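Trainee: Pasting a structure here, questions to come.
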Amino acid sequence: MAQETPVVTRFMRERPDDSWQFESARAYNAAYTRLERAFAMGPEAIVEAVQQSGLRGKGGAGFGTGQKWSFLPKGVFPRYLCINGDEGEPATFKDHMLTERDPHQLVEGAIITAYAIQANHAFIYLRGEFALGADRLQQAIDDAYAHGFLGKDIGGSGFDLELVLHRGAGCYIAGDETGLLSSLEGERAMPRIKPPFPAAQGLYAAPTVVNNIETISTIPWIIANGAEWYAGMGVNRSTGTRIFSVSGHVERPGNYEVELGMTFRELIEGLAGGVRDGKRMKFFIPGGASSPWLLPEHLDSPLDMDYAGSELRTMLGSGAITVFDETTDPLLVSWRLAKFYAHESCGKCTPCREGSSWIEKVLYRMVNGQGRPEDLDLLLSFGSNIVPGLNAPFAQTTICALGPSTMSHVVSLDRWFRDEIVARLERDTARRTSLEIVTVSAGADA
């Protein structure tokens, strides 16, 4: 039987009615008790522990957390910590849950992280639509200030930290770390060319670390239990646990925190109950809308970030798994994703600004019976101007990853459903041709 391994979700499951309240978090989850141990360890030891734990970013890219911290230039101040809570990837809702149901865990993780990187100012950038999460997180921050866990000389350590909750305006591109920084500075959320990387020149042109909410929420438990404990979970370089948001045509959609290394089958069919109504699975999206699709034949593959990239040519990304049953039209799913990305493109890069709109228009035509047999190849042809080679992981002509994301679903259509789609387009073309002949004949008779 597949089982969850709750770490960051444990407390909210044990006390679902009051897990977000300060008194409950202190009494039943030992909130802020990890601070004393962290202060005793010192900044360098914390960074070393996080590196040894193997903790990787849980927002999409999966970069080593401690390694990212270590890139900050020595002796350059001020420096900043920015926590990315702009969870805009379709079907992803794990950070939303963490913010609403255990905000003190996040605040404590932010304090420890800021101390480790010696930042005296930290920002939590939260998606504007998360109203309840914003209210509870702000209350948690206020409680932490009131009890001396934020502000001047925290716990007599000599460390000062100001923590600010900043609500975004609801644009997807603010989820890109440099787009987030632009938004924090009062500009439009648009990505920046790298280098310079945020670690060298980020917020206000100062050294900056940007981490995801789930990543920061994990830090207190590494401090409490040790790097070896965390590294002992998971598989290969994918250590520890991750929260996966499972949705779509499954019996029990929801967030599941599991040890990495579990198979997709154990997660989807075991924990999420499998495809609903006794139907068969047609395909699934394994890591958010920007990740290439997989088929039922891949269900026994492990939840391993590196394996997903090297062997399956996809990614675990934001941790959103969307399941589609046998009645699903993959072409319709592709068009809906294309419409999302065309709408959310910030317009800074010409290939994305123009290409995402063209992709949506061609897919709309294909979905609505006006497609041509050559349309799929047409999509791949001008899509290669956004992502040269299409399957090359880091080849792109845009500043951020939104451009390549506009083509991932098209590549999936070609990879898994090409014969089905071309046959459909041929039928549509034949139907239109016959209608034109009938119309011309009717006109001649008249």
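Trainee: From the list 224, 205, exactly one residue is modelled with pLDDT of 95 or more and more than 20 Å from residue 184 (Cβ to Cβ). Which is it?
Mentor: 224
Trainee: Which residues, taken from the range 1-51, are crowded, with 16+ Cβ neighbours inside 10 Å, free of Cβ contacts under 8 Å to residues at least 24 places away in the same chain and in contact with a Lys or Arg (Cβ under 7 Å, 6 or more places away or on another chain)?
Mentor: 24 - this is the single residue of the range 1-51 that is crowded, with 16+ Cβ neighbours inside 10 Å, free of Cβ contacts under 8 Å to residues at least 24 places away in the same chain and in contact with a Lys or Arg (Cβ under 7 Å, 6 or more places away or on another chain).
Trainee: Would you check which residues across the range 69-106 are among the β-branched types (Val, Ile, Thr), farther than 16 Å from residue 219 by Cβ and either over 15 Å from the mean Cα position of the chain (by Cα) or in a helix (DSSP H, G or I) (or both) and list them?
Mentor: 76
Here's the yes/no breakdown for (1) outside any strand (DSSP E or B); (2) modelled with pLDDT of 95 or more; (3) over 20 Å from residue 352 (Cα atoms):
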residue: 129; (1), (2), (3): yes, no, yes
residue: 133; (1), (2), (3): yes, yes, yes
residue: 136; (1), (2), (3): yes, yes, yes
residue: 139; (1), (2), (3): yes, yes, yes
residue: 145; (1), (2), (3): yes, yes, yes
residue: 148; (1), (2), (3): yes, yes, yes
residue: 158; (1), (2), (3): yes, yes, yes
residue: 166; (1), (2), (3): no, yes, yes
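Trainee: What are the residues in the range 58-68 that are surrounded by fewer than 20 Cβ atoms within 10 Å (Cβ to Cβ) and outside any helix (DSSP H, G or I), if any? Quick ask: steps written out before the conclusion?
Mentor: Of the range 58-68, the ones surrounded by fewer than 20 Cβ atoms within 10 Å (Cβ to Cβ) are 61, 63-64, 67.
61, 63, 64, listed by residue number.
Trainee: Let me ask another. Among what's in the range 294-353 and is over 25 Å from residue 175 (Cβ atoms) and among the charged types (D, E, K, R), pick the residue that is surrounded by the fewest Cβ atoms within 10 Å (Cβ to Cβ).
Mentor: 297
Trainee: Any chance the range 260-268 includes a residue that's in a loop (DSSP other than H, G, I, E, B) and over 29 Å from residue 55 (Cα atoms)?
Mentor: Scanning the range 260-268, I find no residue that is in a loop (DSSP other than H, G, I, E, B) and over 29 Å from residue 55 (Cα atoms), so the answer is no.
Trainee: Please enumerate the residues belonging to the range 323-362 that are over 21 Å from the mean Cα position of the chain (by Cα), over 23 Å from residue 244 (Cβ atoms), part of a helix (DSSP H, G or I) and in contact (Cβ under 8 Å) with a residue 40 or more places away in the chain.
Mentor: Scanning the range 323-362 gives 331, 351, 355, 359.
Trainee: Here's another thing I want to ask about it. Test residue 177 against the criterion of being under 20 Å from residue 346 (Cα atoms) and free of Cβ contacts under 8 Å to residues at least 40 places away in the same chain, and give yes or no.
Mentor: no
Trainee: With the checklist (1) without any contact (Cβ under 8 Å) to a residue 60 or more places away in the chain; (2) more than 17 Å from residue 82 (Cα to Cα) in hand, flag the one item residue 243 doesn't pass.
Mentor: (1)
Trainee: Here is a list: 54, 59, 85, 75. Which entry is touching a strand residue (DSSP E or B) at 6+ places or on another chain (Cβ under 6 Å), outside the structural domain of residue 254 (by TED's automatic domain parsing) and at positive phi? Even if it seems obvious, please write down each step before you answer.
Mentor: On the way: 59 fails: at positive phi; 85 fails: at positive phi; 75 fails: touching a strand residue (DSSP E or B) at 6+ places or on another chain (Cβ under 6 Å).
Answer to the selection: 54.
Trainee: Given the options 118, 139, name the one that is closer than 22 Å to residue 16 by Cα, assigned by TED's automatic domain parsing to the domain that holds residue 15, polar (S, T, N, Q) and more than 25 Å from the chain's Cα centre (by Cα).
Mentor: Sole residue among the options that is closer than 22 Å to residue 16 by Cα, assigned by TED's automatic domain parsing to the domain that holds residue 15, polar (S, T, N, Q) and more than 25 Å from the chain's Cα centre (by Cα): 139.
The values are calculated or read from the model by the stated rules, or taken from the named source; none is laboratory data. All of these numbers come straight from a predicted model, not from anything done at the bench. Quick reminder, even Gly has a Cβ in these numbers, built from the backbone with ideal geometry, and neighbours come from all protein chains shown.
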